[in-house]
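Readers should treat all values here as calculations from the given coordinates under stated rules, not as data from a laboratory. Since this is a predicted model, take the numbers as computed values, not measurements. As a convention, Cβ positions derive from the backbone with ideal geometry for all residues, glycine included, and neighbour counts pool all protein chains shown.
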Amino acid sequence: MEIQSIDILGNSSIGIFGLSTNNYSIIPYGIKPNIQTIIKDTLGIQPIETTINNSNLIGLFCTGNNKNLLIPKLTNSYEIETISNLLPEDSQLHIIDSKLTALGNIIVTSDSKTIVSTEFTSAEQKQISDALDTELISKDIMNTTIVGSLIYGNQNGILAHPLISDDDLDFIEDFFNTKVDVVTVNRGTPYPRPGLMGNDNGVLVGSDTTGPEIMRIFDVLVKN
């Protein structure tokens, strides 16, 4: 398992543009061939190239676990067909019918547990829980609804916003049953997910991430 530093479309906020699990990786069109090669080699998956609502912000709009991928209803029919045709057979695509479309910002999930923004209605929470096939809880972290931006993890551990409270940190650790540590990315950005892409095979960090930040990320997500 390794960690590599990249940018996507000249931007170090790579988690806004891409999403990866062990089963699939999704990126926008137009990424340089050498960057695509790094993504493929580090994550061990051939990336799917697409847009969502004609936007390159894949990681903003999408979220998911190994078994299921969630996309917002505003995704157009061509994009749905593209993703459906290229997803592996053991991963299912689900369209979430909600006015909340930045799913990557407001949902954090593993194969068994999910935290969603309190802005989702009860019916939307059930829709998400059924789609992901996980235990789900609706909860704000740090008194904000953007739980997906505040937390990022894999099988080895979870990274969280550096100003998170001890109570929230303990809750996340207990809920996901894994180690949690705080981190910054891209020279002090406190939101982990926008600066990261990865899975259990490897981790990609934004190109502005410093050596000390990479070491902290390595210790939590890469080091066994």
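At-a-glance table
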quantity	calculated
Residues of type aspartates and glutamates that residue 126 reaches as a straight line, Cα spacing below 17 Å, ignoring anything fewer than 8 places off in the same chain	97, 111, 135
Residue pairs, from the table 113/139; 139/223; 67/113, whose Cα atoms sit over 22 Å apart	139/223
Dipole magnitude of segment 1-109, debye to nearest 20 (Cβ charges: Lys/Arg +1, Asp/Glu -1, about Cα centre)	240 debye
Computed lengthening from residue 67 to residue 130, 0.36 nm per intervening residue step minus Cα-Cα distance	21.5 nm
Label of the coordinate-derived value, Cα extents along the principal axes in Å, listed as (1) 43, 43, 26; (2) 55, 38, 29; (3) 65, 43, 34	(1)
Segment 57-106: C-alpha gyration tensor shape, a/c 1.5 cut-off, then a/b vs b/c	oblate
Under-5 Å amide H pairs with residue 25, H placed in peptide plane, nonlocal only	48
Karplus-derived 3J(HN,Hα), 6.51/-1.76/1.60, for each residue of segment 141-147, Hz, glycine and proline x	10, 6, 6, 9, 8, 8, 4
FRET efficiency, 1/(1 + (r/R0)^6) with R0 30 Å, evaluated for residue 167 and residue 99 via beta carbons	0.50
Gained length - residue 91 relative to residue 121, 0.36 nm times residue gap less alpha-carbon distance	8.2 nm
Overall form of segment 25-139 per C-alpha gyration tensor (a/c, 1.5; a/b vs b/c)	prolate
